Amino acid sequence: MSEQVAPPPAPDAATPEPAVETPQAAAPQQPAVESPQAAEPQPAEPKAEKSGAKKALGIVGAVLAIVVIAGLKFGVASAIGNYFNKDETADAKAGDCIAELPEVTGTEQEEVDGAKVVECTSTDAAYNVVGRVNGQSEAQAKADTTCNEFFKEGEEGYIFSSIEPGKTGYVLCLTKKV
């Protein structure tokens, strides 16, 4: 059998002084009555803990807030928009063909939706891409000289551009498919 021994008091520790009771005015004392419930220990209040569902909801909310903030800061909304409104001519290069576009005469410009690259053997193929110029501003794309180097003498050429306002984009130099 092992015995537990308390460590000896520290040598420089002051010895505690005995507590002294001060006399108080005598008050009528009532006998203490114990109820049967008083003998039982009271259960401790349960800690207020979040349920698993509330924790998960809090985590999902925090992640969603971070995604929204990042989207606003880094243009994720723009990337998602581009995914759904994909520019189907973004990868077009010389030698590709473009489906029918609205006919525009002179220096007019027209907004086009649904332009797309198609197989040159397709009946939808209306234009040949004879050149591509990247890194163009809107002003450069509107200049008549952007595609001059790609058009042959006397050949009627068309310019198709994809440039977001205030940014740069690309210009496709097109000729009518024969």
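The values are calculated or read from the model by the stated rules, or taken from the named source; none is laboratory data. Since this is a predicted model, take the numbers as computed values, not measurements. SASA here: full protein model, heavy atoms, side chains in, ligands and nucleic acids out. Shrake-Rupley method; radii C 1.70, N 1.55, O 1.52, S 1.80 Å.
For this structure, a couple of remarks:
- Heavy atoms of residue 117 accessible to a 1.4 Å probe, total area in Å² rounded to 10: 50
- Solvent-accessible surface (1.4 angstrom probe) belonging to residue 164, in square angstrom, nearest 10: 90
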